[in-house]
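The values are calculated or read from the model by the stated rules, or taken from the named source; none is laboratory data. If you're wondering where the values come from, they're calculated on a predicted model, not measured in any experiment. Here the Cβ positions follow ideal geometry from the backbone for every residue, glycine too, while neighbour counts run over all protein chains shown. Accessible surface is based on the protein model in full, side chains and every heavy atom, while ligands, DNA and RNA are left aside. Shrake-Rupley method; radii C 1.70, N 1.55, O 1.52, S 1.80 Å.
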Amino acid sequence: MAEIIDGRAIARQLDEKTRSEVDALVRDGYPAPGLTVILVGNDPASEVYVRRKIKACELVGIASTEHRLPADTSQEDLLALIDKLNNDNSVHGILCQVPLPDHIDTRRVLRSIAPEKDVDGFHPVNVGRLSTGSGGIVPCTPLGVMKLINSVIPDLTGKNVVVIGKSNIVGKPVANLLLDAEATVTVTHIYTAGLPEICRQADVIVAAAGAPELVRGHWVKDGAVLIDVGITRQETQEGKTKLVGDIKFDEVQHAAAVTPVPGGVGPMTIACLLANTVQAARTSMVGNGSSDSDYADARSRSMFIGLGPNPK
Ligand code: NAD
């Protein structure tokens, strides 16, 4: 039987670290780290995500603020709000929940968030830092994926890892983090030929395609580690809905370890958001902002988040 990697338990451990980091800042006389979440419109899934994030902030002592804007908010007004938050010293992290309404240029909005407050790690400055191994804020889901892999394989040196999916928010940053950890990485996507054979070579598979139960048992070699990022909501025969991952869970019991859906990557994403917020706060309040100290801080952050002392 494959070990089930308990994302909820690992997320709780990370939250405890984050909580003690917040306590240490407050003990040293700094204000509690502040996260501002912006929600435009009333997409039901986004409402749920935002509620979860706000509640999670409360549990670790992060001061959260919510800006709920109507769906017809102009891009100009949204950019003006972000500009105000960029210049507000009590705000250490800004998260603009996507998707945004169609009339708003999402890319432009996300780029308007100051990189040091971009706790989602989506700003091109943070993407560039990640791809050059020079610190910055690491996107939450990829960071969570690394923590889950490290919980069963602490040293990835020379391991063969196949990433399914090459999106900017999951596949590509995960691949960069894996390369930094000295893994041999194959990034695959919808047009990749012979995906089952490629996967059969893998010590670790990270499935982030959004294609329900894509990875079948015969794609997986004995003893592989499987991380399932995919989430698809499907209707059951009883007319209810359930979440389905990208890996056919019942067929992969010959793997060494596998993450469940739900309860695997999902909880880690929020825990990493909280960790990123505290780190952004610490950099802004304790660090001096020079590029050298940015790097030193990134090193200490990667220790804090458990990725090892040296992002190579
Ligand atoms: P995306 O649609 O932006 O990218 C999907 C990628 O998978 C693309 O590169 C595409 O080429 C590839 N792909 C799609 N179908 C494939 C197939 N049949 N074979 C091989 N490759 C295929 O998606 P995304 O934003 O990266 O998200 C991927 C999945 O992860 C989704 O299910 C999403 O809901 C989930 N997700 C979960 C979390 C979390 O916190 N657990 C966070 C982000 C995304």
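So which residues in the stretch 234-244 are open to solvent by 20 Å² or more (accessible area, probe 1.4 Å) and either among the β-branched types (Val, Ile, Thr) or near the ligand (Cβ under 9 Å from one of its atoms) (or both)?
Residues of the stretch 234-244 that are open to solvent by 20 Å² or more (accessible area, probe 1.4 Å), as a first pass: 234-243.
Across the stretch 234-244, the qualifying residues are 236, 241.
Which one of the conditions (1) over 19 Å from the mean Cα position of the chain (by Cα); (2) within 25 Å of residue 129 (Cβ to Cβ) does residue 204 fail to meet, given that it meets all the rest?
Result: residue 204 passes all but (1).
Working only within the stretch 254-312, note down all residues that are on the phi < 0 side of the Ramachandran plot, of a type in the set (Gly, Ala, Ser), modelled with pLDDT under 95 and in a loop (DSSP other than H, G, I, E, B).
Scanning the stretch 254-312 gives 287, 290.
Looking for whichever is touching a residue at least 24 places away in the same chain (Cβ under 8 Å) and on the phi > 0 side of the Ramachandran plot here; the options are 245, 217, 230, 210. Which one fits?
Values: 245 fails: on the phi > 0 side of the Ramachandran plot; 217 fails: on the phi > 0 side of the Ramachandran plot; 230 fails: on the phi > 0 side of the Ramachandran plot.
Just a single option satisfies the conditions, and that option is 210.
With respect to residue 267, is the statement that it is surrounded by fewer than 22 Cβ atoms within 10 Å (Cβ to Cβ) and near the ligand (Cβ under 10 Å from one of its atoms) true?
no
Across the stretch 105-126, what is the number of residues that are buried (at least 21 other Cβ atoms within 10 Å of the Cβ) and of a type in the set (Val, Ile, Thr)?
Matching residues across the stretch 105-126 total 2.
With the stretch 92-207 as the region, which strands (runs of 3 or more DSSP E) entirely inside it contain at least 2 residues that are within 14 Å of the ligand (Cβ to nearest atom)? I'd like the intermediate steps shown before the answer.
Working: elements: 93-96, 160-164, 184-188, 204-207.
Hits in the stretch 92-207: 160-164, 184-188, 204-207.
Search the stretch 249-271 for residues that are among the acidic types (Asp, Glu) and pair each with any residue that is within 14 Å of the ligand (Cβ to nearest atom) and not in a helix (DSSP H, G or I) when their beta-carbon atoms are under 9 Å apart and the residues are at least 6 apart or on different chains.
The qualifying pairs are 251/213; 251/215; 251/216.
Being open to solvent by 10 Å² or more (accessible area, probe 1.4 Å), near the ligand (Cβ under 9 Å from one of its atoms) and touching a helix residue (DSSP H, G or I) at 6+ places or on another chain (Cβ under 8 Å): is that true of residue 221 here? Reasoning before the result, please.
Working: open to solvent by 10 Å² or more (accessible area, probe 1.4 Å): yes; near the ligand (Cβ under 9 Å from one of its atoms): no; touching a helix residue (DSSP H, G or I) at 6+ places or on another chain (Cβ under 8 Å): yes.
No; evaluated as a whole, the condition is false for this residue.
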